[in-house]
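Every number here is computed from the coordinates shown, using simple stated rules; none is lab data. Please read these numbers as outputs of a predicted model, since none were measured by experiment. Neighbour counts run over all protein chains shown; Cβ positions are idealised from the backbone, glycine included.
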Amino acid sequence: MKNSFFLLMLLIGSTTTNAQVEIYQSGETTDLSGTTVNVGCTADETLYDMEVLNTSGETLVLNIKRKRIVMLEGTDDKFCWAGPGGSVGNCYDKDVVGPFDEFTSDNSPTIPNGEKGFLQSYHIANEIYGTVQYRYYVINNADGEALDSVDIVFSSVANLTPITETTFQLWPNPTVNGNVFISVENELSSQTTFTLMDLTGKVVLQSNLTIGVNEVSVNDLQNGTYVYSISNSDGVLRKEKLLIQ
């Protein structure tokens, strides 16, 4: 039994030390390698910035392969890939990546151990709303091996036009699976309702609002991006995204 335990620990240790790259959102410290990242789109073109860190212990020459996992007809994507300090950089727009499900960069920056390459992923909605998913593989140019990958899910919703009046305030956003607070600062002409919908438009929560601070529990909802609206008999007064983490 003891020998089996030490063998298991040896295997776990060898797996950990074999990691050759790590992927981060620019400016963040959480390794995204092998994960799926959800990005809400608030404009027709949305950018997600990443850094690819060489942790192999040696110098690597790296490419990026983009694979479309979920496509939405009429939308476009592009990506940019560069080495440390922007060296050997290139961007691949819709005219280059075209309709192909897979596309691999033709620039191969050299990235020393402990240095970073820079990857930018773009989604262009073209006023078409829904969800797409792109997977980015980090490829070792020496043998074509995929060292790691990350999936980026872009979700865009129509008519996200925030109202600029100060009648309402909602916080915190993002919220961590707890409560949100909605402040109604002045008198309203009729009953006002807070409505929360998922990205398909399905209503998942509704609550009536009163003057003052209203507390609404979102504890039973799954993590993800939602759309909330505040409305009364005059129509929709505010419509924005709410991120539950």
**OP:** Among Gln120, Gln191, Gln20, determine the one that fluctuates most according to a GNM of the chain built with springs between C-alpha atoms less than 10 Å apart.
**Re:** Gln191
**OP:** Give a residue-ordered list of calculated ³J(HN,Hα) values for the stretch 19-36 (Karplus: 6.51 cos²θ - 1.76 cosθ + 1.60, θ = phi - 60°; whole Hz; x for Gly, Pro).
**Re:** 4, 10, 9, 10, 10, 10, 5, 3, x, 10, 10, 8, 5, 9, 4, x, 10, 10
Subject >> More than 23 Å apart - percent of Cα-Cα pairs taken over the chain >> reply: 59 percent
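About the Cα centre, and with charges only on the beta carbon of Lys, Arg (+1) and Asp, Glu (-1), how big is the dipole of the chain? Nearest 20 debye, please.
Numbers: 13 positive and 30 negative charges, 99 e Å.
Approximately 480 debye in magnitude.
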Original post:
So how strong a dipole does the stretch 21-156 carry about its Cα centre when Lys and Arg Cβ are +1 and Asp and Glu Cβ are -1, to the nearest 20 debye?
Top reply: 60 debye
**OP:** Between Gln120 and Thr104, with labels modelled 7 Å along Cα→Cβ, what's the label distance in nm to one decimal, could you check?
**Re:** 2.5 nm
Subject >> Antiparallel bridge percentage (DSSP; both residues within the chain; nearest 5) >> reply: 90 percent
Subject >> Gyration tensor (alpha-carbon) shape descriptor, the stretch 165-245, a/c threshold 1.5 >> reply: prolate
Original post:
Which of the listed residues, Asn173, Thr192, Ser207, is farthest toward the dipole's positive end in the stretch 168-244, when Lys, Arg count +1 and Asp, Glu count -1 at the beta-carbon?
Top reply: Asn173
**OP:** Evaluate the distance, in nm, between pseudo-label points positioned 7 Å from the Cα of Asp93 and of Met71 along their respective Cα→Cβ axes.
**Re:** 2.1 nm
**OP:** Compute the length gained on full extension between Gln222 and Phe181: take 0.36 nm times their separation in residues and subtract their Cα-Cα distance, giving the result in nm to one decimal.
**Re:** 12.9 nm
Original post:
What are the ³J(HN,Hα) values, in whole Hz, obtained from phi via the Karplus relation 6.51 cos²θ - 1.76 cosθ + 1.60 with θ = phi - 60°, for each residue of the stretch 198-214 in sequence order, with x given for Gly and Pro?
Top reply: 7, 6, 8, x, 6, 6, 10, 6, 9, 8, 7, 10, 10, 4, x, 9, 9
**OP:** Work out the length of the dipole vector of the stretch 168-244 about its Cα centre, built from +1 on the beta-carbon of each Lys and Arg and -1 on the beta-carbon of each Asp and Glu, and round it to the nearest 20 debye.
**Re:** 220 debye
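Loop only per DSSP, at most 15 neighbouring Cβ atoms within 10 Å: give me the GluC sites (Glu not before Pro) in the stretch 71-171, ordered by residue number. Mind dumping the intermediate values first?
Details: sites: Glu73, Glu102, Glu115, Glu127, Glu145, Glu165; in loops: Glu73, Glu115, Glu127, Glu145, Glu165.
Qualifying residues, ordered by number: Glu73, Glu127, Glu145, Glu165.
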**OP:** Among Ser105, Leu119, Val37, flag the residue with its Cα farthest along the positive direction of the charge dipole of the chain, charges on Cβ as +1 for Lys/Arg and -1 for Asp/Glu.
**Re:** Val37
Subject >> Distance histogram in 5 Å bins (all Cα pairs of the stretch 17-107, percent per bin) >> reply: 2, 10, 20, 24, 23, 14, 6, 2, 0
